[in-house]
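The values are calculated or read from the model by the stated rules, or taken from the named source; none is laboratory data. Since the model is a prediction, treat every value here as computed from it, not as a measurement. For neighbour counting, all protein chains shown are included, and Cβ atoms are generated from backbone atoms with ideal geometry for every residue, glycine included. These accessible areas exclude ligands, DNA and RNA; they are computed on the full protein's heavy atoms, side chains included. Shrake-Rupley method; radii C 1.70, N 1.55, O 1.52, S 1.80 Å.
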Amino acid sequence: MRQAMIIINPSSGKEEASQYVRYATRVLSDKDYSVTIKETAKELDATRYSIAACEEGYDLVISIGGDGTLHETINGLIDQEHHPKLGVVPLGTANDFARALQIPLNPEIAIQTLASSNLKTVDIGRLNDRLFGNVVAVGSIAGALSSVSSEDKTKLGSLAYLKEGLKQLTSPTAHPLVIDHDGQMWQGDSLLFLAVLTNSVGGFENLIPDAAVDDGLLHCFII
């Protein structure tokens, strides 16, 4: 029997993640998977669970949560000899990775796709010793957005990011930036730098409409 590991963040999706586990388990069991459930409680738990899934030869790892949970899960795959297939059930605030892959944002419908045998190869970025599946952001605004609390995201959804971003715009701080790319160099002060792999950033899918998940490109913005 094949093995599947479900990694869930109980604070995602307005704290509704746990209610979807039973349904996901049933869908996977019908496909002859033996299912192990791992619930995150602290930072990097998802990475540790993903590493264990690689080392123990799991066939499938499913991330149930937001982009943060998915980011940690992906980082458990670094330099592993065995890579399980990755399934995604989006329950976050923006769900950029799922949007880019056209995974249904309705959790129950997304869970149904776990029964599919279709696979998609996607680009993954690397920053020092960490992987990223969607975006790297640098600047004061990026720092503020990364500090948005789970409580605010649960209460306000994407408005929590808007609130913190507006705070930074009232007293913007630019930082010196040097970018080496394709034999060229850009140097100057920037409020925000984005390096993006997909067409969805912060839930907005029109920022880079032509970006594809497998085009081999980093789409970069200097603001």
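Taken over region 35-53, the criterion of being more than 19 Å from the chain's Cα centre (by Cα) and in a helix (DSSP H, G or I) is satisfied by ALA52 alone. Does region 33-56 contain any residue that is touching a Ser or Thr at 6+ places or on another chain (Cβ under 9 Å) and within 23 Å of ALA211 (Cβ to Cβ)? The answer is no, given that none of the residues of region 33-56 is touching a Ser or Thr at 6+ places or on another chain (Cβ under 9 Å) and within 23 Å of ALA211 (Cβ to Cβ). The residues on offer are SER63, SER117, and the sole one that is small (Gly, Ala, Ser), open to solvent by less than 10 Å² (accessible area, probe 1.4 Å) and more than 23 Å from PRO209 (Cα to Cα) is SER63.
Of the helices (runs of 4 or more DSSP H) lying entirely inside region 61-123, those containing at least 2 residues that are more than 17 Å from ASN199 (Cβ to Cβ) and in contact with a helix residue (DSSP H, G or I) (Cβ under 8 Å, 6 or more places away or on another chain) span 67-74, 107-112.
Restrict the check to region 77-99 and report whether at least one residue is among the hydroxyl-bearing types (Ser, Thr, Tyr), open to solvent by 20 Å² or more (accessible area, probe 1.4 Å) and at pLDDT 95 or above. Taking every residue of region 77-99 in turn, none turns out to be among the hydroxyl-bearing types (Ser, Thr, Tyr), open to solvent by 20 Å² or more (accessible area, probe 1.4 Å) and at pLDDT 95 or above.
Taking region 171-191 as the search range and keeping residues that are aliphatic (A, V, I, L, M) and modelled with pLDDT of 90 or more, which one is most open to solvent (accessible area, probe 1.4 Å)?
Checked region 171-191; the qualifying residue most open to solvent (accessible area, probe 1.4 Å) is MET185.
Is there a residue in region 19-34 that is assigned to a strand (DSSP E or B) and touching a strand residue (DSSP E or B) at 6+ places or on another chain (Cβ under 8 Å)? There is at least one residue in region 19-34 that is assigned to a strand (DSSP E or B) and touching a strand residue (DSSP E or B) at 6+ places or on another chain (Cβ under 8 Å).
Return the total of residues in region 85-113 being over 17 Å from the mean Cα position of the chain (by Cα) and in contact (Cβ under 8 Å) with a residue 60 or more places away in the chain. Looking only at that region, the number is 2. Screening region 204-223 for residues that are small (Gly, Ala, Ser) and surrounded by fewer than 17 Cβ atoms within 10 Å (Cβ to Cβ) and picking the one that is modelled with the lowest pLDDT gives ALA212. Give the residues of region 180-222 that are more than 23 Å from the chain's Cα centre (by Cα) and either closer than 12 Å to VAL135 by Cα or assigned to a loop (DSSP other than H, G, I, E, B) (or both), sorted by residue number. Within region 180-222, ASP182, GLY183, LEU191 qualify.
Scanning region 198-216 for residues that are aliphatic (A, V, I, L, M) and within 12 Å of ALA137 (Cα to Cα) gives a single hit, VAL201.
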